[in-house]
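Working notes, beginning with the structure itself.
The values are calculated or read from the model by the stated rules, or taken from the named source; none is laboratory data. Note that the coordinates shown come from a computational prediction; the quantities given were computed from them, not determined experimentally. Note: ideal-geometry Cβ built from the backbone for every residue, glycine included; neighbour counts use all protein chains shown. The accessibility values were calculated without ligands, DNA or RNA, using every heavy atom of the protein model including side chains. Shrake-Rupley method; radii C 1.70, N 1.55, O 1.52, S 1.80 Å.
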Amino acid sequence: MPELPEVEITARLLDAALRGRRIEYARAPGINALKTFDPPLAELEGELVAAVRRRGKHLIVDSDGPAGGLTLLIHLMSAGRLQLYDTPAGSRDRTSRLLVGLDDGRELRLREFGSKQAAWVKLLRSGELEQDAALATLGPEAWPEPGGSSRVKELLDAPRPLHTLLRDQHVIAGIGRSWVDEILWQARLSPYKRGADLDAAEAGRLREAAVETLGAAIAHYERAVSLPIPDKLPMPLRVHRHEGEACPRCATTLRAVHFEDYVIAYCPACQTEGRVLKDRRLSRLLR
């Protein structure tokens, strides 16, 4: 799933390319993706793109014009991509969920791969955006500033594992299954440590790790990614997806805990005092 750094670079690149362009048409061939009916998509016609920005893992496309200001709120989920193309989609295209045509002939497309069709779009009046449940229930942004160490400690003060808490968008917005591993590794904290057990120093390390890790990823994308945005971004991961390799910091073999639909990656020496965490796959086999 695209997380904060991936959504941020997408917003930056599209904002630079689309700001000021007039919208010629808006269509939703993936009818299941469109979650609103009032205002209708047709009201976007004639609007000017005012900005493309991010909130948590959501993309926001603001417009100004005859309709008085409309906003597309988009969540890519696990397999969605928002990309800009030089020409409209062909009649055989089966991946597009939203098509927005522009006055220069280009087309903004929300595409989704796979069969789940979980990506979604809402068209809202500009004044309705912050009241929409998808944004109103989000926690503070993980980057650029989630708050001071005491604020982070307060946010995570719950008897739940850090790996779970940091991915809970109601607690803190923008972190998912890839970057949580990187952040916890950078902070030298176990993924299973409970948030309520964090001391002030650990909360400080965690806050610093989140800001530095996410900021470095965005800086990497600024150097490495340009339009057209590729389907798969070159994620600068050091721990996640590197099970069995040497830890970049201490050279201990990186380990992982496998669940049905995700993996926790960690360094035993740096994060769990040398303990190898139980792999859920083996646990199921032994039942």
Everything considered on the Cα gyration tensor (a ≥ b ≥ c; rounded for a/c under 1.5, else prolate if a/b is larger than b/c, else oblate), region 44-194 must be described as prolate
Averaged per residue, the 1.4 Å probe accessible area of the chain, protein heavy atoms only, in Å², is roughly 47
In a Gaussian network model of the chain with springs linking alpha carbons closer than 10 Å, the residue among Val152, Val49, Val263 that fluctuates most is Val263
Given Cβ charges of +1 for Lys and Arg and -1 for Asp and Glu, the option among Gly148, Gly127, Leu84 whose Cα lies farthest towards the positive end of the dipole of region 76-155 is Leu84
Compactness summary of region 1-43: radius of gyration and Dmax from Cα atoms, Å, are 13.5, 31
Checking Ser126, Ser226, Ser91 against a Gaussian network model of the chain (alpha-carbon springs below 10 Å), the top fluctuating residue turns out to be Ser91
Note: the chain, point scatterers on Cα, Debye, no solvent; log10 I/I(0) at q = 0.10, 0.11, 0.15 Å⁻¹ equals -0.59, -0.70, -1.13
Rounded to a whole number, the Stokes-Einstein D of region 99-188 in µm²/s (Kirkwood radius over Cα pairs; 37 °C; 0.692 mPa s) is 204
Stretched fully, the stretch from Arg160 through Glu45 gains (0.36 nm per residue minus C-alpha distance, one decimal, in nm) 36.7 nm
For the chain, the longest principal axis of the Cα atoms and the Cα long axis of helix 177-187 enclose an angle in degrees, to the nearest 10, of 40
Mean-square fluctuation maximum in Gaussian network of the chain, Cα pairs under 10 Å, restricted to Ile264, Ile183, Ile175, hits Ile264
Rounded to the nearest 5, the percent of DSSP beta bridges in the chain running antiparallel is 95
The percentage of the accessible area of the chain (probe 1.4 Å, all protein chains present) made up of carbon and sulfur atoms, to the nearest whole number, is 50
In deg cm²/dmol, rounded to the nearest 500, the helical mean residue ellipticity at 222 nm of the chain, built from -39500 (n - 2.57) for every DSSP H run of length 4 or more, is -8000 deg cm²/dmol
